[in-house]
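The values are calculated or read from the model by the stated rules, or taken from the named source; none is laboratory data. Fair warning: this is a prediction, and the values are worked out from it, not measured in the lab. No Cβ is skipped: glycine too gets one built from the backbone with ideal geometry, and neighbour counts run over all protein chains shown.
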Amino acid sequence: MFELDFLQILACPACRGHLTLEGRESVAALICSGCSLVYPIQDGIPVLLKEEALPLQSWPVGRGSVVSRESSIA
Ligand SMILES: [Zn+2]
């Protein structure tokens, strides 16, 4: 896919928060830990545009994986 190192130099364009990689290989996205916006990754390239970002609740893959992971911890 792509180098994970770049995550360390990227920040959320909306709030400058830290971005985390979530999702599966085919449907991955970067999620902001600050404002919970989801930035889709298209063809291996993260689309870091506020206009293209989705709320976490509107991202089906994220909603499933995040909820299940949190519930397994709790
Ligand atoms: Zn943010």
Please count how many residues of region 14-26 are at pLDDT below 90 and farther than 17 Å from Val61 by Cα. 0
With respect to the numbered conditions (1) modelled with pLDDT of 90 or more; (2) assigned to a helix (DSSP H, G or I), which one is the sole condition not fulfilled by Gly34? (2)
All positions within region 14-55 that are surrounded by 16 or more Cβ atoms within 10 Å (Cβ to Cβ), within 11 Å of the ligand (Cβ to nearest atom) and not small (Gly, Ala, Ser): Leu19, Leu30, Ile31, Cys32, Leu37, Val38, Tyr39, Leu48
Residues of region 1-13 being farther than 19 Å from Val61 by Cβ and either part of a strand (DSSP E or B) or more than 9 Å from the ligand (Cβ to nearest atom) (or both), which ones? Glu3, Asp5, Phe6, Gln8, Ile9, Leu10
